[in-house]
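What follows draws every value from the coordinates through simple rules; no lab data is involved. Quick caveat: nothing in here was measured; it's all calculated off a predicted structure. Please note: Cβ atoms are built from the backbone with ideal geometry, for glycine as well, and neighbour counts cover all protein chains shown.
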Amino acid sequence: MVKKSLIINGIQQTLIIDENASLADVLRKQMLLTGCKIGCGIGQCGACNIILDGKVVRSCVMKMARVPEDAVIMTIEGLGTPENLHPLQLAWMTFGCAQCGFCSPGFIMTAKVLLENNQSPTREEVRDWFQKNRNLCRCTGYKPLIDAVMAAAKVMRGEIKKEDLLFKANGESILGTSYARPSAVAKVTGKWDFGADEALKMPENTLRLALVQAEVSHANIKGIDTSEAEKMPGVERIITYKDVPGKNRITGLITFPTNKGDGWDRPILCDEKVFQFGDAIAVVAADTEEHAREAAKKVKVDLEILPAYMSAPEAMAEDAIEIHPGTPNVYFEINTIKGEETAPIMEKAKYTIEMDSYSSRQPHLNIEPDCGYAYIDNDGRITIQSKSIGIHLHHAMICAGIGIEPEKLRLIQNHTGGTFGYKFSPTTEAILGVAALVLQKPVSLVFDMYQNITYTGKRSPGFMHIKLGADENGKLLALEGDNYIDHGPYSEFGDLLTMRPAQFVGAGYDIKNIRNKSQTVCTNHAYGAAFRGYGSPQSFLSSELAMDVLAEKIGMDPFELRYKNIYKEELGSTTPTGCKPDVYCLESMFDTLRPKYEEAKKRVAAKSTDQVKCGVGIALGIYGCGLDGADSSEAWAELTKDGVTIYNAWEDHGQGADIGTLTMAHGILVEAGFKPEQIKLIMNDTARTPNSGPAGGSRSNVMTGNATKLAAEMLLNAMKKGDGTYRTYDEMLAENIPLKYDGKWVATMCTDCSLETAQGNPFSVYMYELFMPEVSVNMETGKVTVDKFTTVADVGTIINKTVVDGQIYGGIAQGIGLALTEDFEDISKHNTLAKCGIPYPKDIPDDFEIIYQVTPRPYGPYGAAGSGEGPLTAPHPAILNAIFNATGARITKIPALPEVVKAAIEELKSK
Ligand code: MCN
Ligand code: FES
Ligand code: FES
């Protein structure tokens with residue numbers, strides 16, 4: 001230990017520190033300056049960037065020994081206050097840069113140093129600077145961040161006033177505006193505590209947990225020896241499956257009765273078997289995280305290694321044993337049977353094409369590692385706070401496994417630094433619940449990035465086969481498919497996911513006859529979790545590549561082939577599930593894109609050289625807003641002395657549940673003169689908010705939006721007087737009129753898809769998007785760069801413009817990663833953000849054009865659809881189509897890494 005004097009945020013401080021500790025740890029744990037975030041912990045993400053003696057420093061990898069005496073340190077807490085924001089902080093709010101907000105302090109501090117040294121940077125200089133300082137953002141697609149720095153620079157140069165940056169409501173409705181989200185101020189000032197930050201501030205008797213995790217992918221457990229670990233310093237107790245009071249299973253809540261499993265296949269703590277790498281075998285509770293982690297290393301597990309099936313074909317092999325004895329490895333099948341038998345039609349079709357594609361095990365790569373804590377609240381409830389994006393859903397999934405009465409379990413969502421769907425599955429919730437119950441003390445569990453990557457769910461790979469038949473004019477006649485979804489060892493939502501290819505392969509096109517079979521396969525690779533787009537990226541990879549292959553065979557422009565075949569009202573076009581789409585909006589979207597496409601073709605042709613070939617690609621993507629069938633949501637509105645309080649459980653990944661809720665309610669309440677700041681939000685606590693359903697399937701804007709709007713309407717109606725004016729709070733009380741209203745919205749117009757044919761009307765509202773990337777391919781190295789991205793989106797009425805822009809930029813950025821770099825196949829290699837191929841600022845184009853078409857949706861609140869998943873439906877086949885357009889090499893497996901593209905180019909040359 002040494003004494004060190006530091007000037008932190010303008011104040012001289014004397015600290016006793018361990019010279020081996022990182023600067024980030026000292027700032028966070030000793031100073032509680034939690035605006036400095038820990039993402040990767042190894043210098044890859046910039047979340048911990050602070051300023052030290054005028055330089056940007058990644059504080060997680062800066063040892064205290066290297067921090068000079070009297071160093072001048074500035075963290076986000078020292079920059080601006082909510083009352084007096086720095087121009088960068090204001091600009092971050094204006095441009096919607098703080099989606100989840102986890103990366104915001106690091107970016108803002110990095111940008112501050114740039115602007116101190118160069119008040120007039122170019123956009124490219126800003127991008128270079130962020131790239132150099134390793135700043136990663138998984139939510140925004142980077143462009144808004146560059147916009148924000150450019151705007152802040154203008155303020156600092158005195159060209160615009162700080163006050164002019166932010167949109168102000170002025171008594172009008174904020175619907176469709178850029179009104180900043182309520183959480184923005186806290187996010188840009190570093191005051192928005194995430195789970196790991198709150199865990200540091202818990203009471204002294206809090207026990208810190210560490211997991212003993214499997215390092216093999218499939219094994220029988222013969223014994224667990226905790227004796228040595230129990231003697232380690234600080235250890236309070238080691239918990240194994242024997243201590244779990246309940247069923248020790250997380251139930252996957254089987255969605256469809258034709259599923260051959262029972263859904264009780266995922267242990268909270270492994271008892272008989274290890275099913276995948278990372279599975280939790282025991283939990284160590286100790287006084288500090290370091291002690292818990294050290295002790296965890298001493299737990300000995302006696303294993304009988306079994307063959308590990310790391311992909312669907314391996315698990316389907318004839319000699320493969322059942323991963324869950326008693327349940328076949330292929331445990332669910334769904335067939336789309338639409339129209340006439342396809343085989344005779346294919347035989348007569350003038351043109352047929354047939355192809356396979358493979359959609360990868362994309363990792364979510366949220367910058368905030370998974371974390372949570374639990375305690376027993378004053379009402380005796382086990383209270384679990386985590387990144388859950390389905391608090392009521394998870395309540396039902398873990399309650400019996402922990403072994404408590406439902407009313408004794410309370411789930412609360414913490415501020416969440418991005419999930420992109422992985423938190424549709426419970427992660428640490430049940431373990432935290434068991435630990436709090438067994439230990440009767442508060443507990444916390446914080447993953448590091450390695451754990452976050454290796455032991456959270458992933459996008460399920462899709463092995464997709466497709467055949468298309470068309471007549472002499474290119475009119476589609478029939479589609480056949482045969483698909484396998486590798487869903488890892490746990491069945492939760494595997495059947496639902498497998499329903500998606502049944503609903504979305506070929507979606508967007510008028511195809512009267514379909515035979516498409518999809519099956520779910522249990523494997524020992526990472527368990528399948530929801531991931532933005534949920535089944536649509538696998539589906540559109542198949543059909544949107546196939547459309548290009550067909551266009552090539554016919555000798556038609558891929559744009560024209562699509563245009564000819566898209567849904568048209570006059571043709572009575574129906575979806576693959578045989579129902580009318582909510583709106584027919586694709587034709588006009590293509591009309592809008594056509595001139596842009598023509599320009600792009602000329603542009604890429606002009607740019608192409610022998611060394612670097614350029615191309616343009618097209619794909620369409622569609623996704624439903626909701627869970628299948630009569631999905632529903634609930635929200636409450638209550639009049640208070642100061643305004644209105646809205647209660648709902650619209651969980652916030654970072655997408656903007658707060659601004660969504662506020663705008664939905666304000667759009668109604670503005671009639672009675674309420675200002676946005678008079679609307680208070682109480683969200684995401686099973687003890688205080690109604691069940692609004694999970695924030696997945698891009699359902700919330702439609703479902704919870706409708707419920708919230710309804711609750712506000714009910715309140716407004718109750719407040720309305722005969723003369724058209726509105727009662728005050730006191731008048732309502734005096735007249736004994738209830739103050740609180742319950743808005744319940746049910747998609748009664750929907751039906752489940754038949755389990756025999758997949759025919760039905762599963763979604764009330766869809767979102768539509770066209771993708772047009774322009775790429776350059778280095779013919780030597782195979783490296784692909786996306787130079788420009790144009791997209792036409794129809795998400796209905798826009799509720800908040802900045803939010804939707806951000807969803808689209810961020811979703812497409814993830815699509816670029818999906819297409820070109822991201823993977824989690826090799827567990828021994830794909831275990832850091834960088835090695836998993838996360839895109840850095842320079843991997844995403846700054847030349848990004850979003851064109852909106854607004855087709856109001858009959859069942860959407862104010863006519864709105866959702867927006868979260870649309871941008872990640874089909875950007876990746878569009879990129880592969882652009883690579884083909886550039887080079888003639890057809891890539892059908894993602895990611896299209898340079899070596900893959902290079903090999904395809906070489907193969908082409910050799911033909
Ligand atoms: N919205 C809008 N106008 C529309 C449509 C949507 O303003 N016409 C806004 C909504 O108010 C909401 C956002 O767009 O703030 C997304 O709405 P919606 O599509 O209904 O999606 P959900 O709120 O249900 O959020 C979930 C969705 C999914 S499924 C994933 S996965 C996802 C996503 O949103 N993960 C995200 N976006 C994400 N964004 C961030 N930053 N981080 C994640 O983890
Ligand atoms: Fe420090 Fe990622 S670079 S947390
Ligand atoms: Fe950047 Fe979420 S806002 S990671």
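Placing one equal scatterer on every Cα of segment 238-368 and applying the Debye formula, the log10 ratio I(q)/I(0) at q = 0.17, 0.20 Å⁻¹ is -1.22, -1.37. Size of segment 279-334: Rg and Dmax of its alpha carbons, in Å, are 17.6, 50. Rounded to the nearest whole angstrom, the semi-axes of the ellipsoid equivalent to the chain, taken from the Cα gyration tensor as √(5λ), stand at 40, 34, 31, largest first.
The GluC sites (Glu not before Pro) found in segment 692-754 that occupy coil by DSSP, while having at most 10 further C-beta atoms within 10 Å, are Glu735. Under 15 Å from a label point 7 Å along Cα→Cβ of Lys740: give me every residue in segment 629-666 with its amide N that close. The answer is 635-641, 644-649, whose backbone nitrogens lie closer than 15 Å to the label point. Under 16 Å of direct C-alpha separation, and excluding same-chain neighbours fewer than eight residues apart, Lys613 reaches these lysines: Lys601, Lys602, Lys783, Lys788, Lys902, Lys909. Based only on Cα atoms, what Rg/Rh ratio does segment 135-293 have, Rh being taken as Kirkwood's radius? Ratio value, two decimals: 1.17. Taking amide H positions as modeled 1.01 Å from N, with prolines and chain starts lacking one, the residues under 5 Å from Ile160 and 5 or more places away or on another chain are Val155. The simple Förster model, with R0 at 22 Å and r as the Cβ-Cβ distance, assigns Asp319 and Lys222 a FRET efficiency of 0.40. Expressed as a whole percent, the proportion of Cα-Cα pairs in segment 551-606 lying more than 18 Å apart is 46%. Applying the criteria of a DSSP loop state and at most 11 other Cβ atoms within 10 Å to the GluC sites (Glu not before Pro) of segment 275-335 yields Glu318. Reducing segment 149-178 and segment 783-827 to their Cα centroids gives an inter-centroid distance of 25 Å. Going by neighbour counts of Cβ atoms within 10 Å, the residues Thr352, Thr748 line up, fewest first, as Thr748, Thr352.
Each residue of segment 261-276 was assigned a 3J(HN,Hα) from its phi angle through the Karplus expression (A = 6.51, B = -1.76, C = 1.60, θ = phi - 60°), giving x, 10, x, 9, 10, 10, x, 6, 10, 4, 10, 8, 9, 9, 9, 7 Hz with x at Gly and Pro. Taking 0.36 nm per residue of sequence separation and removing the Cα-Cα distance, the Leu253/Asp557 pair yields an extension gain of 104.9 nm. Radius of gyration over Kirkwood radius for segment 675-717, both on Cα atoms: the Rg/Rh ratio is 0.99. A straight line joining the Cα centroids of segment 549-609 and segment 659-704 runs 37 Å.
Of the GluC sites (Glu not before Pro) found in segment 742-795, those that fall in a DSSP loop while having at most 14 other beta-carbon atoms within 10 Å are Glu756, Glu780.
Across segment 473-620, the volume of the C-alpha convex hull divided among the residues equals 149 Å³ per residue. For Ala71, the residues 5 or more places off, or on other chains, whose built amide H falls under 5 Å of its own are Ile7. Per residue, the convex hull around the alpha carbon atoms of segment 1-87 comes to 94 Å³. Over all Cα atoms in segment 352-472, the spread is summed up by Rg and Dmax: 19.4, 73 Å. Here's the list of lysines a cross-link from Lys191 could span, going by alpha-carbon distance under 19 Å and ignoring same-chain residues fewer than 8 apart: Lys29, Lys37, Lys112, Lys201, Lys387, Lys680.
Taking label positions 7 Å along the Cα-Cβ direction at both Glu272 and Lys55, the computed distance is 5.9 nm, reported to one decimal.
The ellipsoid that matches the Cα gyration tensor of segment 758-911 has semi-axes, each √(5λ) in whole angstrom, of 32, 17, 16, with the longest given first.
A cut-off of 5 Å between modelled amide H atoms, ignoring neighbours fewer than 5 places along the same chain, links Met202 with no other residue.
In order along segment 533-542, the Karplus-derived 3J(HN,Hα) couplings, from 6.51 cos²θ - 1.76 cosθ + 1.60 at θ = phi - 60°, round to x, 5, x, 6, x, 5, 5, 6, 4, 5 Hz, and Gly and Pro are given as x. Between the beta carbons of Ala687 and Lys580, assuming R0 = 41 Å, the FRET efficiency works out to 0.50 to the nearest 0.05. Could you give the distance between the Cα centres of segment 34-77 and segment 254-284, to the whole Å? Answer, in whole Å: 40.
Residue by residue through segment 128-138, which ³J(HN,Hα) values in whole Hz follow from phi under the Karplus form 6.51 cos²θ - 1.76 cosθ + 1.60 (θ = phi - 60°), with glycine and proline marked x? With the stated coefficients, segment 128-138 comes to 4, 5, 5, 4, 4, 8, 6, 6, 10, 9, 9 Hz.
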